Ligand SMILES: Cc1cc2nc3c(=O)[nH]c(=O)nc-3n(C[C@H](O)[C@H](O)[C@H](O)COP(=O)(O)OP(=O)(O)OC[C@H]3O[C@@H](n4cnc5c(N)ncnc54)[C@H](O)[C@@H]3O)c2cc1C
């Protein structure tokens, strides 16, 4: 069977994935399958495609100890060196030692804002390549395609670049300047897509592919070794319609893999409050639903207030978007505005002025609880008709020194939502137990997201630190070996995880996971991989000998 994937990029450009003319014969075992085509999957694919880091002959490094350790065996690539030895004594902003090592080699001293040249040089050594497939639902770039396109990213732009292609150079080539060294998500998504084609990685990517199950497959009597079975659906254009458009088909696929890498990120399922009424149609859980409501003209200065729940950066973006429309806003969050854990208290004001503005609003325009239960049905919006006039209270007081500076905004720190009612009233409760009822037009709950690991048994819970809890990036990530990223509690050998799934939420540091995995796979390949090596050779032979024939794919077991 033949496949080809056409993926629409965020900028509307079309990227053709050349997976057609390849074939995975029944029973053939792919050496590595990477599930997820975001920055994690892309970075690992780069390292597995033969791009190999060495200490450059002209190199210097601000850390003399690390430099001298690397120089001891400068003829060896980083993938062949002892990562544990190199990591000893290194400190950085990630708790993952290999992430700190790779970051300090890719962007030395970047925490101090210095632009020290990387001591690594990348050599293309195709003989080292390990054949692999990268499966992903959408176009390469992952979560970056789903973010609001125009907001600025949180990280300095070069922290989000992948090895071998300077983000700044790429943006400069597009004749754009970076504001404060920050880029927009649309630019980052487009950079990742460009990266895949620039580094000629497309042949390993199958976009439009959703994995629905990963299970351990026992070996059989014909000598097939135990391995992983990966099944799912591939979206393809089918029959052409009269108007030139094509029917989108879902084709099932099933393949076998020696190694599986979980790189699916953690932004798939919006977290929920778990309160009554949360499924009412006016309660949203994603930024794009807000954008859609705005574009339908459902929110403006005449509408009832928007309730924003959460104090992360996406919630802040929602506040800014609604504020821009002059829509009145109630902003509810659990922490106090001075809580050091609040992201706004960790960001430098100069670099992130828009988030500083939101923090100012949260601080200066706080709801002041009175001794009586309150109903703020009319408080922010003078035109709204009260549904229960008897319970109306006067305009709420705020702590603002200049109340008019952010008119129409009211924050509720140390509050939680208790209930959403069908008449669009929301019951809020303070830490001290006092309840306030607000009338809203819509409610937007932006309190984080969970990964969707429904393709694993029990949603992958048994792989996490606490199997009784769902997997989350911060509180309960997948437990992996810190130097190989092998999943500790996997059902069999050859399962790895990386990125936010293992608690590494920033692109800057998830690259370390790619180094750890590529280095472990390379080590196993060097050590012979026994049975597996033969399969790698068979796979390579197939690729070489059948280039001219209809080859890979797939799908339908
Ligand atoms: C609003 C927001 C702002 C952010 N800002 C920054 C920032 O400024 N700097 C920074 O470093 N990080 C930032 N992040 C975090 C950043 O998104 C992640 O660090 C990064 O995208 C993780 O990369 P990943 O490849 O591991 O996962 P993702 O980028 O999430 O990609 C995983 C991909 O796997 C796909 N997938 C999931 N399940 C399956 C399946 N079953 N089958 C096939 N494919 C599947 C998903 O659709 C997705 O495309 C931000 C995140 C958000 C939500």
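Every number in this text was worked out from the coordinates using simple rules, so none of it is lab data. Just so we're clear, the structure is a prediction, and the values are computed from it rather than from any experiment. Counting neighbours? That spans all protein chains shown, and the Cβs are built from the backbone with ideal geometry, glycine included.
Arrange 264, 117, 314, 231 by Cβ neighbour counts within 10 Å, fewest through most, would you? Could the numbers behind the result be given before it?
Details: 264 31, 117 12, 314 22, 231 16.
Fewest-to-most ranking of 264, 117, 314, 231: 117, 231, 314, 264.
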If the chain between residue 338 and residue 109 were fully extended at 0.36 nm per residue, the gain over the current Cα-Cα distance would be 79.5 nm
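Test of understanding: what is the full-extension gain from residue 418 to residue 491, defined as 0.36 nm times their sequence separation minus their Cα-Cα distance?
Roughly 22.2 nm would be gained on extension.
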So, for the Cα atoms of the range 50-91, Rg and Dmax in Å stand at 10.2, 29
Extension length gain for residue 300 and residue 222 (0.36 nm per residue less Cα distance), in nm, is 21.3 nm
Projected area averaged over all directions for the convex hull of the alpha carbon atoms of the range 21-128, nm², comes out at 9.2
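Need one word for the range 412-507: rounded, prolate or oblate. Basis is the Cα gyration tensor (sqrt eigenvalues a ≥ b ≥ c); a/c below 1.5 gives rounded, then a/b vs b/c decides.
Numbers: a/c = 3.17, a/b = 2.83, b/c = 1.12.
Note, shape of the range 412-507 comes out prolate.
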Under Stokes-Einstein, the range 76-119 at 37 °C and 0.692 mPa s, with its Kirkwood radius over C-alpha pairs, diffuses with a coefficient in µm²/s of 298
